[in-house]
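Okay, structure first, notes after.
The values are calculated or read from the model by the stated rules, or taken from the named source; none is laboratory data. What you are looking at is a predicted structure, and each value in this text was computed from that prediction instead of being measured. Because the Cβ atoms are built from the backbone with ideal geometry, glycine has one as well, and the counts that use them run over all protein chains shown. Side chains included, ligands, DNA and RNA excluded: accessible areas come from the protein's heavy atoms. Shrake-Rupley method; radii C 1.70, N 1.55, O 1.52, S 1.80 Å.
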Amino acid sequence: MIISLKENPNQEQVKHLTKWINIMGIEVHEMEGARLGLVGDTSVIDNDAIALIRAIDVVQGVEIIKEPYKRANRKLHKSDSVIDVGGVKVGGGEFTLIAGPCSVESPEQICSIAKSVAASGAKILRGGAFKPRTSPYAFQGMGSEGIQLLLEAKKETGLKIITEIMDIAQLPLFDEVDIIQVGARNMQNFELLRELGKKGNKPILLKRGLSSTIQELLMSAEYIMSEGNENVILCERGIRTFETATRNTLDLSCIPVLKECSHLPVIIDPSHATGIARYVKPMSLAAAAAGADGLIIEVHNDPKHALCDGAQSVEPQEFEEIANKINQILPIIRKGKSE
Ligand code: PEP
Ligand code: MN
């Protein structure tokens, strides 16, 4: 619910109104344009209470927000959120490239890939240390050692780093990680989301679940934000459909939908979406054209021998071509936007 106030409202009355709403267990946020945003279970404000609010002297009007997500809702935050990852911006007109292997495999592997993707314009290095694998017998990642190797690659290249958390117990290992990734399989691990919400302003990249709706993705973002951490980046990585030609189906239409109903940045993962390296480039370009805020791409120096997701990993040379093409098309897309 949004309460818009009249011009120069009596501050005492505003205070009383806020206090009364707080008593109902609802938070009141002061918003741009003399408006109060109500966050919480606003269903407790019944029609009689709404009529009372409308009748208060300082109140201009009341807008009901029917969507269950509030903090993630664009109605409560008109401008695009920009997430600051130690100086690297995600959202608000930036186009951010995140690249690296599915999994950290060795010091040589991660450092060599880090150097090549940095040279091509990536700002953030990805690499799984804890891997959610379908088979318990498959490579499960290097664990804490993998995080150490990412930190070394960061020191050598200046890239920020992102890696996936699988369990709350791993959280102390993520202090120096720049963005914590919540994988598709954990999108509705609400306990984990709540804990990440308590991590101050630590940027979180939240991947859409394999069979989750856009609203469910936003509700998961809301779990993190409701605990105080507003630095959430949304990520579409393909959803399960009846199609088998690709690993998943990339739902590019989620970009305009999310942009309309939320202020959070949207990153596209064409690697997990397609599962096939040669489809990564066309879908990357399509994502940029559709208004994504960036891409997360799997890059491997030797995809044939990758311990995880080699089939969908592009080689450094191809990543460079994607980055160059993106740089060519972005000005055209942005020109159209401002006209
Ligand atoms: C990954 O990024 O390597 C990964 C496991 O992604 P997702 O959670 O989207 O499957
Ligand atoms: Mn992967």
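Taken over segment 264-304, the criterion of being away from ligand 2 (no atom under 16 Å from the Cβ), at positive phi and either β-branched (Val, Ile, Thr) or not in a strand (DSSP E or B) (or both) is satisfied by Gly291 alone.
Output the residues belonging to segment 245-263 that are in a helix (DSSP H, G or I) and within 15 Å of ligand 2 (Cβ to nearest atom). Answer for segment 245-263, where residues must be in a helix (DSSP H, G or I) and within 15 Å of ligand 2 (Cβ to nearest atom): there is none. Between Ser79, Ser112, Ser120, Ser116, the distinction of being open to solvent by less than 30 Å² (accessible area, probe 1.4 Å), more than 16 Å from ligand 2 (Cβ to nearest atom) and not β-branched (Val, Ile, Thr) belongs to Ser120 only. Pairs are defined by a Cβ separation below 9 Å, a sequence spacing of at least 6 or placement on different chains, a first member in segment 229-254 that is at positive phi, and a second member that is of a type in the set (D, E, K, R); the pairs so defined are Gly238/Arg208; Gly238/Arg247; Gly238/Asp251; Gly238/Asp269. Just give me the residues in segment 74-97 being out of contact with any helix residue (DSSP H, G or I) (no Cβ under 9 Å at 6 or more places or on another chain) and in a strand (DSSP E or B), in sequence order. Matches in segment 74-97: Ile83, Asp84, Val85, Val88, Lys89, Val90, Thr96. Filtering segment 302-315 to residues that are closer than 20 Å to Glu108 by Cα, in contact with a helix residue (DSSP H, G or I) (Cβ under 9 Å, 6 or more places away or on another chain) and surrounded by fewer than 18 Cβ atoms within 10 Å (Cβ to Cβ) leaves Asp302, Lys304, Gly310, Glu315. Taking the criterion of being among the hydrophobic types (A, V, I, L, M, F, W, C), within 11 Å of ligand 1 (Cβ to nearest atom) and part of a helix (DSSP H, G or I), the only residue of segment 166-219 that qualifies is Ala184.
Arg71 meets each of the listed conditions (1) in a loop (DSSP other than H, G, I, E, B); (2) open to solvent by 40 Å² or more (accessible area, probe 1.4 Å) apart from (2).
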